[in-house]
1. What value, in deg cm²/dmol to 500, does the helix sum -39500 (n - 2.57) over DSSP H runs of n ≥ 4 give at 222 nm once divided by the residues of the chain?
2. If one computes the Cα centroid of segment 78-112 and of segment 46-70, what distance in Å separates the two points?
3. Over the chain, what is the mean sequence separation of C-alpha contacts under 8 Å (at least six apart), divided by residue count, expressed as relative contact order in percent?
4. Report the semi-axes of the equivalent ellipsoid for the chain in whole Å, largest first, where each axis is √(5λ) for an eigenvalue λ of the Cα gyration tensor.
5. With charges set only on the Cβ (+1 for Lys and Arg, -1 for Asp and Glu), what does the dipole of the chain come to about its Cα centre, in debye to the nearest 20?
6. Fully extended, how many nm does the chain gain between residue 21 and residue 48 (0.36 nm per residue separation, minus their Cα-Cα distance)?
7. Working out 0.36 nm times the residue gap between residue 98 and residue 60, then minus their Cα-Cα distance, what length gain in nm do you get to one decimal?
8. Mind listing which chymotrypsin sites (Phe, Trp or Tyr not before Pro) in segment 13-112 are in a DSSP loop and have 14 or fewer other Cβ atoms within 10 Å?
Amino acid sequence: MKKLGILIRVVWVGICVVALAFALKGYGGSPDWKVEEGLAWEMFVLSFPASMLVAFAGILLRAGLEHFSLTLPSSSRPEMVILWFLFVIAGYVQWFVVIPRFVRLWRDMLRN
C-alpha cells in the first residue's frame, strides 16, 4: 500500500512538472496570457479544491496592491513558475498530507 502511495505522488508531481514544462516551452518571451492561463487552469484542476484558496489569495493580493496603486508583475517565466509552485504546494498538501490524515482519523473513529 505504501508503494502505491509513493507511485501516486510521483505521477501527480510528474504531471505537474510536465504541465510547467509545456507552458515554459510554449511561452514566446513576451507576455502571453494564453499560455499562462492554460497553465493556471491545468494546475487549478490538479490541485482542486485547494487551488481555490490559491486563487482567492491571488484575488486578495491583487485587490490589496490596487489599493496602493500597485500591480502584480506582467506575465513572465518567473511569474508562471511562482504561480505553478503555489498550486503544487497547495495540491500536494491537500492530496498527500491533509486527506490521508483525515482518512486515518476516520478509520480510527470507526474502529473505536
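1. -26000 deg cm²/dmol
2. Cα centroid to Cα centroid, the span is 20 Å.
3. 32 percent
4. Values for the chain, descending: 32, 19, 8 Å.
5. Around 760 debye, computed over the chain.
6. Contour length minus the Cα-Cα distance gives 7.7 nm.
7. Taking 0.36 nm per residue and subtracting the Cα distance, the gain is 11.3 nm.
8. Counting only loop positions with at most 14 other Cβ atoms within 10 Å, the chymotrypsin sites (Phe, Trp or Tyr not before Pro) in segment 13-112 are 68.
Every read-out reported here was derived from the displayed coordinates using simple, explicitly stated rules and does not represent laboratory data. Please read these numbers as outputs of a predicted model, since none were measured by experiment. Please note: Cβ atoms are built from the backbone with ideal geometry, for glycine as well, and neighbour counts cover all protein chains shown.
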